[in-house]
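What follows is a single structure, written as structure tokens, with notes after it.
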There are 2 protein chains.
Amino acid sequence: MNIKRYMIKDTNETRLKDLDPDELGEFKSKEEAEAKTEKLKERLVKLQDILFAQKKHSLLVILQGMDSSGKDGTVKHIFSGVNPQGFIVTSFKKPSLEEEAHDFLWRVHMKTPPKGYIAAFNRSHYEDVLVPRVHGSLSKEDAKRRFRYIRQFEEMLAEEGTTVIKLFLHISKEKQLEKIQERLDDPAKHWKFDASDLQEREYWDDYQQAYEDVFRESSIDKAPWYWIPANHRWYRNYLALKIVVKTLEGLDLSYPKLNTPTPDISQLISPRH
Amino acid sequence: MNIKRYMIKDTNETRLKDLDPDELGEFKSKEEAEAKTEKLKERLVKLQDILFAQKKHSLLVILQGMDSSGKDGTVKHIFSGVNPQGFIVTSFKKPSLEEEAHDFLWRVHMKTPPKGYIAAFNRSHYEDVLVPRVHGSLSKEDAKRRFRYIRQFEEMLAEEGTTVIKLFLHISKEKQLEKIQERLDDPAKHWKFDASDLQEREYWDDYQQAYEDVFRESSIDKAPWYWIPANHRWYRNYLALKIVVKTLEGLDLSYPKLNTPTPDISQLISPRH
């Protein structure tokens, strides 16, 4: 399976209604996908180990999607096996007063990964071109300017050693309602229910359109967007993980070599006999 | 006195050797300048109070200059009267391992002022296009790229509400030696002496040229460079302060008004008689 199929490219024409959130790729069964997902997890652990040892690259994975699209679940599933010492995840909520008093990139820049690390953003600076856009508090012109800052920022990160990938978890409007209902039905999920999610649901079409703007304005070679069919969580997990692994494989990862010739330590070992 | 005279503009032709570090402007005596400096300090305190109350703008003052050019002294003198609650000063030293593992703008972005604040940078991201350039560890091409990031970063800050000014404290090579000698002679100044300053002094001409590159590459309307004749500290202090005050006066500062009509509290005051 070639992940390029999910890369958002011809950005002037990306319409979310043409992308099927129910898609299951090449798989015939869930079990088949889950077996492959396990293999990918093992591969990710190995790649992260080299990334961390080499301290040359870093990886930033930005997760976006409608409410209930499975951002938390994706982070949990695909990164559960990695070495936590080399991994940082940040969930960006409604900005604090301190954050609001700075430019909108301030709080995200702070959380970018140092060399050797993988970072995941659960929501991100893209919220600042989505929410205020949908609710009419950000003019088209101001949005354009923010998109320019975003492109420049991500390009800088990429050129300075941080590979940036952006995953859009794509669910259907029906699927969202189903998930909200689950939250209401299952006492173990009550805490996830937020009445404002139902309010935001009223703006579904506006959000879809705002996302299409995002894709058009910020699909850059150095920090590509991928769309992930997310109605089925097992395919969502498989594909997101696959994209992360393939991206890491595209870097020139290798364990660092000793600078000096390997010291001869045989003389330091006291003979047994 | 018009501060525009010290703004670095025709950047292709700025040669430091044509700028006189001994200049004293319009002043006949030190006393005259010091009296005006005191008045400016009072003005700054008032302007900062409005800036802080209004929480609409912020000001970033970047100080650069050769070793011993008086960066610490300038910060101390011009900002000693301001409300510390609305003022942040950061001295950027040799990057830590953590800082080095991020892009070079990471640590400075974190220290930019929130709305309502004044921030001073004692050294800054400009060190990253000076030191490695002089010592040959940054190629011309990489420097060009960094200059592009700097322009984009400062423009973003400016457009998002942070006014950026950059002050280059200009001293002569002889004056530097004099100051280093002072540090050796005065026991109260011994702690300021650093043997590596003498080493770096060997690269004087290379640094001057690297600064000329800085002016050519980063003199943008939204974040201008000013050169400050700094052989005489009283003129240096006067001029730096003047530029800060004039910049603040150029913003539309005003105390915020109550959103609602002023409540009539007369009825709440119990009559004395």
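The values are calculated or read from the model by the stated rules, or taken from the named source; none is laboratory data. Note that this is a predicted model, so its numbers are computed, not measured. Virtual Cβ from ideal backbone geometry, glycine too; neighbours counted across all protein chains shown. Please note that ligands, DNA and RNA were not included when accessible areas were found on the heavy atoms of the full protein model with its side chains. Shrake-Rupley method; radii C 1.70, N 1.55, O 1.52, S 1.80 Å.
Straight-distance candidates among the aspartates and glutamates for linking to B:LYS46, with alpha-carbon spacing under 12 Å and chain neighbours fewer than 8 residues away dropped: B:GLU249.
Comparing A:THR162, A:THR247, A:THR37 in a Gaussian network model of chain A (Cα springs below 10 Å), the most mobile by mean-square fluctuation is A:THR247.
I'd like the FRET efficiency for A:HIS135 and A:LYS76, computed as 1/(1 + (r/R0)^6) with the beta carbon distance as r and R0 of 35 Å, rounded to 0.05.
Working: r = 30 Å, r/R0 = 0.85.
My answer for the efficiency is 0.75.
Label sites at A:SER91 and B:LYS46, each approximated as a point 7 angstrom past Cα along Cα to Cβ, lie 5.0 nm apart.
A point 7 Å from Cα along Cα→Cβ stands in for B:SER80, and the other copies hold the same point at 6.2 nm, listed in rising order. For the protein assembly as shown, what % of the accessible area comes from carbon and sulfur atoms, probe 1.4 Å? Result for the protein assembly as shown: 50 percent of the exposed heavy-atom area is carbon or sulfur. To the nearest ten degrees, helix A:173-185 and the longest principal axis of the Cα atoms of chain A are 80 degrees apart.
In segment A:3-251, what percentage of the DSSP-assigned beta bridges are antiparallel, given to the nearest 5? Please list the in-between numbers first.
Working: 2 of 25 bridges.
Looking only at bridges with both residues in segment A:3-251, the antiparallel portion is about 10 percent.
Other residues within the sphere of radius under 11 Å centred on the Cβ of B:PHE193, judged by their own Cβ, net out at -2 (K and R +1, D and E -1). Between copies, the label points at A:SER196 (set 7 angstrom from Cα along Cα-to-Cβ) are spaced 4.8 nm, reported in nanometres from shortest to longest.
Within the listed set B:ASN231, B:ASN83, B:ASN122, the residue fluctuating most in the Gaussian network model of chain B (springs between alpha-carbon atoms under 10 angstrom) is B:ASN83.
Shown for segment B:101-115: residues covered by the partner protein chains by 50 Å² or more of accessible area relative to the chain by itself (probe radius 1.4 Å), namely B:ALA101, B:HIS102, B:ASP103, B:TRP106, B:HIS109, B:MET110. Can you tell which of A:ALA119, A:SER29, A:PRO84 lies farthest toward the positive end of the dipole of segment A:1-143, using +1 and -1 charges on the Cβ of basic and acidic side chains (Lys, Arg; Asp, Glu)? Result: A:PRO84, furthest along the dipole toward the positive end. Angle of helix A:30-54 to the longest C-alpha principal axis of chain A, folded into 0 to 90 degrees and rounded to 10: 60°. Skip the ligands, DNA and RNA, and give the accessible area per residue of chain A with a 1.4 Å probe, whole Å². Ligands and nucleic acids excluded, the figure is 52 Å² per residue.
If the segment from A:GLU159 to A:ASP186 were pulled out straight at 0.36 nm per residue, it would be longer than the present Cα-Cα gap by 5.1 nm. Rounded to the nearest Hz, the phi-derived 3J(HN,Hα) couplings of segment A:90-99 under the Karplus curve 6.51 cos²θ - 1.76 cosθ + 1.60 (θ = phi - 60°) are 10, 9, 9, 9, 3, x, 6, 4, 5, 5, where x marks glycine and proline.
Remark: spin-label model distance B:ARG216-A:TYR203 equals 4.8 nm, labels positioned 7 Å along the Cα→Cβ axis. In the elastic network of chain A, a GNM with C-alpha springs shorter than 10 Å, the most mobile of A:TYR226, A:TYR149, A:TYR211 is A:TYR149.
A simple rule links phi to the HN-Hα coupling: the Karplus curve 6.51 cos²θ - 1.76 cosθ + 1.60 with θ = phi - 60°, which for segment B:13-27 gives 10, 6, 10, 4, 5, 8, 9, 8, x, 8, 4, 10, x, 8, 7 Hz, with x for Gly and Pro. To the nearest ten degrees, helix B:204-218 and the longest principal axis of the Cα atoms of chain B are 50 degrees apart.
Which entries of B:LYS36/B:LYS246; A:LYS71/A:LYS189; B:LYS56/B:LYS76; B:LYS71/B:LYS179; B:LYS71/B:LYS144 have Cα-Cα distances beyond 18 Å here? Walk me through the numbers before you get to the answer.
Values: B:LYS36/B:LYS246 14 Å; A:LYS71/A:LYS189 15 Å; B:LYS56/B:LYS76 26 Å; B:LYS71/B:LYS179 13 Å; B:LYS71/B:LYS144 26 Å.
In this structure, B:LYS56/B:LYS76; B:LYS71/B:LYS144 lie more than 18 Å apart at Cα.
Taking a point 7 angstrom from the Cα of B:GLU98 along the C-beta vector, which residues in segment A:68-111 have backbone N less than 12 Å away? Correct set: A:111. Legend: residue pairs B:LYS140/B:LYS222; A:LYS93/A:LYS242; A:LYS41/B:LYS94, Cα-Cα distance threshold 32 Å; pairs beyond threshold, A:LYS41/B:LYS94.
Summing Lys, Arg as +1 and Asp, Glu as -1, what charge do residues with Cβ under 14 Å from the Cβ of A:LEU253 carry, A:LEU253 excluded? Walk me through the numbers on the way to the answer.
Working: positive: A:ARG43, A:LYS46, A:LYS55, A:LYS56, A:LYS115, A:LYS246, A:LYS257; negative: A:ASP49, A:GLU249, A:ASP252.
Summing Lys and Arg as +1 and Asp and Glu as -1 gives +4.
For A:GLY65, nonlocal amide neighbours, meaning residues 5 or more places apart or on other chains whose placed amide H falls under 5 Å from its own, are A:LEU169. Karplus-based coupling profile of segment B:63-70, in residue order and whole Hz: 10, 10, x, 4, 3, 6, 7, x, with θ = phi - 60° in 6.51 cos²θ - 1.76 cosθ + 1.60 and x standing for Gly or Pro. Roughly how many whole Å is it from the C-alpha centroid of segment A:91-163 to that of segment B:125-145? Segment A:91-163 and segment B:125-145 have Cα centres spaced 27 Å from each other. The value obtained for segment A:3-251, namely the Cα convex hull volume divided by the number of residues, is 135 Å³ per residue. State whether the protein assembly as shown is rounded, prolate or oblate according to the following rule on the C-alpha gyration tensor (a ≥ b ≥ c being the square roots of its eigenvalues): a/c under 1.5 gives rounded; otherwise a/b larger than b/c gives prolate, and the remaining case gives oblate. Cα axes put the protein assembly as shown in the oblate bin.
Using Cβ point charges alone (K and R +1, D and E -1), the dipole size of segment A:3-251 about the Cα centre works out to roughly 820 debye.
Using DSSP, restrict attention to beta bridges with both residues in the protein assembly as shown and report what percent are antiparallel, rounded to the nearest 5.
Values: 4 of 50 bridges.
Rounded to the nearest five, the antiparallel share is 10 percent.
Using r as the Cβ-Cβ distance of A:LEU19 and A:GLU249, and R0 as 35 Å, what FRET efficiency do you calculate, to the nearest 0.05? Mind dumping the intermediate values first?
Working: r = 25 Å, r/R0 = 0.72.
Once rounded, the FRET efficiency stands at 0.90.
Sum -39500 (n - 2.57) across every DSSP H segment of at least 4 residues in chain B, then divide by the residue count to get the 222 nm mean residue ellipticity, nearest 500. Present the calculation step by step, with values, prior to reporting the outcome.
Details: 10 runs with 119 residues, N = 273.
That comes out to -13500 deg cm²/dmol.
Both chains summed, the buried accessible area for A and B stands near 2100 Å², from protein heavy atoms and a 1.4 Å probe. Inter-copy label distances for A:SER91: 4.1 nm (label point placed 7 Å from Cα along Cα→Cβ; shortest first).
The Rg/Rh ratio for segment A:1-58 is 1.11, where Rg is the radius of gyration of the alpha carbons and Rh is the Kirkwood radius.
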